[in-house]
Amino acid sequence: MALVALKNVTKTYPAPEKGGREVVAVDDVTLDIEPGDVYGIIGYSGAGKSTLVRLVNALEPASSGSIEFDGRELTGLPERELRKVRLGIGMIFQQFNLFTSKTVQGNIAYPLKVAGWSKAEIAPRVAELLEFVGLSDKAKSYPEQLSGGQKQRVGIARALATSPRLLLADEATSALDPETTQEVLELLKRVNREFGVTIVVITHEMDVIQSIATKVAVMDGGRVIENGDVFEVFSAPQNTSSQRFVSTVVKGVPSPAELAVLRERHEGRIVTISFRDGDASQAQVFLELARAGLDFELVYGGINDIQGRAFGHLTLAIRGEDAATDAALASIAARVEVTEAA
Amino acid sequence: MDRLFELGSEFWVAAYETLYMVALTLLIGGAIGLLLGVVLYSTRPGSLLPNRAVFNVLNVVINFFRPIPFIIFLAAVQPFARYVIGVGIGNDALVFSLSIAASFAISRIVEQNLITVSPGAIEAARAMGAGPVRILRTVVIPEALGPLILGYTFIVVAIVDMTAMAGFIGGGGLGNFALVYGYRQFEPAITWAALLLIVIFVQALQFFGNWLARKVLRR
Ligand SMILES: Nc1ncnc2c1ncn2[C@@H]1O[C@H](COP(=O)(O)OP(=O)(O)OP(=O)(O)O)[C@@H](O)[C@H]1O
Ligand SMILES: [Mg+2]
């Protein structure tokens, strides 16, 4: 059973000015998040990503549709009940949102106090969490004395304090430099692996999705326009908006501008061959070209590794007799996807 | 100068009366002001306990009373003081009126400082399942504590200022002392002695407030 099940969820906000149109922040979204998933949600600014996750922990009520968490319908629950539900859902934020008036341990203890733990229970739990995020020596520091990466690790410890089954991460690495981003992502992976916490990662950066997500939903204008396995979406994005996101991390078929540059530098026919895990291997393809007596060079593209599965697009400049080239390409096309630049 | 030594004991009584009025007003007005400020902050639309009716009424009442010059307010509230605390004149009557005036002023200062608390911190607390009253108590007020202390320091200086008007309704304090023994009896040394002591009071309060705020802010 899905841990989070959204069915036809819509969220509208009143028009910003009188007489204007209301804002549809989330538009008829249906999405299942299974236990153990690291579910990435990607989209441009204003796509409705934050609104979507804030519906999941009921910080905002949905305008219509159904939201189930752990088999329990959230829409229509009274605020008092929703607070109990939120105890079982952790959240981390782009700006960390730590309490500046509390020490690191005070921050981590906060949700435990809310949950009604006793002092005697809180102390060992806080120590354990600090150990997990590697900040045992910072227990008595204040947030302003920490680096961005350290702050986010405190945020993660705080979000995990009550052992939630679900962790929502809203642009949790967007304020961090690339190296710190990787550290935080590694930590999130451990959270997922070691504690089995299901994670929803919101981002506008495709490489975040590439490094930790198992599934991805692409949002645009409040709608989920494409979703599924990260490998599937990355290797064969169906939608132009998804293709644009994928192209930020994957070199696919060269764009017309890139093609012009390639043509200038290389003679011959420009052909892109798309490999996917399970298709014919590169060796087979290159062997085929060589056997046909064709001269070729690799001019563009690359191979990507997603969740241990490889795919990629290699663009070749092929020189040789037209008939021989056509024959070779036809035989290759039977096994892998071949796109010839016009 | 000789006159000041003659009046020595009265001078210290006046000083004590000023301290008494300031402390009591700060206690009563400070508490009511804090409460009103928190209510203003939290009932505002989009805040933790939005309630348009309460917010609007409180807003209008505070805006109505706050600009009234204290000397007029003092006279206007006098009958009310007699009714509530039994006396319409003297130091206690002044504390009564001043507490009301101060609580309106303080409520605005409190509201303004609470508004500066990062919405992110509040959102985080909400996401952890904390209720609005708990968030006010354990997040909003602690997060704003430094500026709140500075705000109170600012207002306590204004309270010292206003206690100087106690003489108008038969009260004492340093203001009255300066007026009665200094100004009216053409003894500038007396006026200046009262003035100096008030300046020392204010400086001490300001210093203490700044020190406390810095301690809380740890910056
Ligand atoms: N409280 C609100 N009141 C009115 N409109 C809102 C509110 N919150 C969000 N919106 C609107 O809903 C839409 C989606 O916003 P949302 O914050 O969910 O986008 P996002 O995908 O998270 O964007 P970003 O990447 O910039 O964080 C936007 O048009 C935004 O203006
Ligand atoms: Mg957002």
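The values are calculated or read from the model by the stated rules, or taken from the named source; none is laboratory data. Just so we're clear, the structure is a prediction, and the values are computed from it rather than from any experiment. Using ideal geometry, Cβ is built from the backbone for each residue, glycine included, and neighbour counts are taken over all protein chains shown. Side chains included, ligands, DNA and RNA excluded: accessible areas come from the protein's heavy atoms. Shrake-Rupley method; radii C 1.70, N 1.55, O 1.52, S 1.80 Å.
Grab the beta carbon distance between A:A341 and A:S136, set R0 = 41 Å, and tell me the FRET efficiency rounded to 0.05. So the FRET efficiency works out to roughly 0.10.
If R0 is 30 Å, what FRET efficiency do you get for A:A334 and A:E34 from their C-beta distance, rounded to 0.05? According to the calculation, E is roughly 0.25.
By average Cβ neighbour count within 10 Å, what is the ranking of B:144-150, A:131-137, A:249-255 from highest down? Can you show the working numbers first?
Values: B:144-150: 19.7, A:131-137: 15.6, A:249-255: 17.6.
Packing order, densest peptide first, comes out as B:144-150, A:249-255, A:131-137.
Each Lys or Arg adds one and each Asp or Glu subtracts one; over the other residues with Cβ under 12 Å from the Cβ of B:A127, this totals +2.
Total Å² of accessible surface buried at the B-A contact, 1.4 Å probe, nearest 100? It comes to approximately 1900 Å² buried between B and A. Going from the chain on its own to the full set of protein chains, region B:126-156 has these residues losing 50 Å² or more of accessible surface (heavy atoms, 1.4 Å probe, no ligands, DNA or RNA): B:R126, B:A127, B:M128, B:G129, B:R134, B:E143. A cut-off of 5 Å between modelled amide H atoms, ignoring neighbours fewer than 5 places along the same chain, links A:A310 with A:D277.
For the protein assembly as shown, the pair-distance distribution built from all alpha carbon pairs, in bins 10 Å wide starting at 0, is 3, 14, 18, 17, 14, 12, 9, 6, 4, 2, 1, 0, 0 percent.
The string of couplings for region A:256-272 from the Karplus curve (6.51, -1.76, 1.60, θ = phi - 60°) is x, 5, 5, 4, 4, 5, 4, 4, 4, 8, 10, 8, x, 8, 9, 10, 9 Hz, one whole number per residue in order, with x for Gly and Pro.
Cα centroids of region B:1-66 and region A:257-295: how far apart, whole angstrom? Region B:1-66 and region A:257-295 have Cα centres separated by 81 Å. Would you mind checking the tilt of helix B:8-43 against the longest principal axis of the Cα atoms of chain B, expressed as 0 to 90 degrees and rounded to 10? That works out to roughly 20 degrees. Given B:V38, A:I270, B:L205, which one lies farthest toward the positive end of the charge dipole of the protein assembly as shown, if we put +1 on the Cβ of every Lys and Arg and -1 on the Cβ of every Asp and Glu? Result: B:L205.
Peptides A:105-114, B:205-214: what's the order by average Cβ count within 10 Å, highest mean first?
Values: A:105-114: 22.6, B:205-214: 15.0.
Result, highest mean first: A:105-114, B:205-214.
Placing dummy labels 7 Å off each Cα toward the beta-carbon, the span from B:Q203 to A:R291 is 9.9 nm.
Can you compute the FRET efficiency between B:S118 and B:I72 using 1/(1 + (r/R0)^6), with r the Cβ-Cβ distance and R0 = 41 Å? Round to the nearest 0.05. Don't jump to the answer; show the numbers that get you there.
Details: r = 40 Å, r/R0 = 0.98.
Calculated transfer efficiency: 0.55.
Counting Cβ atoms of other protein chains within 10 Å of each residue's Cβ and taking the mean over peptide B:118-125 gives 6. Of interest is the spacing of the C-alpha centroids, which for region B:171-189 and region A:35-57 amounts to 70 Å. Peptide A:98-109 has a mean shielding of 4, counted as Cβ atoms of other protein chains within 10 Å of each residue's Cβ.
Count the DSSP beta bridges whose two residues both fall in the protein assembly as shown, then state the antiparallel fraction as a percent rounded to the nearest 5. Please report the intermediate quantities before stating the final value.
Numbers: 43 of 63 bridges.
Within the protein assembly as shown, antiparallel bridges account for around 70 percent of the total.
Comparing A:I318, A:F231, A:L176 along the charge dipole axis of chain A, the residue lying farthest to the positive side is A:L176, per the Cβ-charge model.
Residue separation of A:Y13 and A:R190 scaled by 0.36 nm, minus their Cα-Cα distance, works out to 60.0 nm of gained length. Over chain A, DSSP H runs of length four or greater, each weighted -39,500 (n - 2.57), average out per residue to a 222 nm ellipticity of -11000 deg cm²/dmol.
Skip the ligands, DNA and RNA, and give the accessible area per residue of the protein assembly as shown with a 1.4 Å probe, whole Å². Mind showing how you got there, number by number?
Details: 26500 Å² over 561 residues.
Computed with neighbouring chains in place, this is 47 Å² per residue.
Rank B:M165, B:M128 by accessible area, highest first, at a 1.4 Å probe radius? Please report the intermediate quantities before stating the final value.
Values: B:M165 45, B:M128 20 Å².
Final ranking, largest accessible area leading: B:M165, B:M128.
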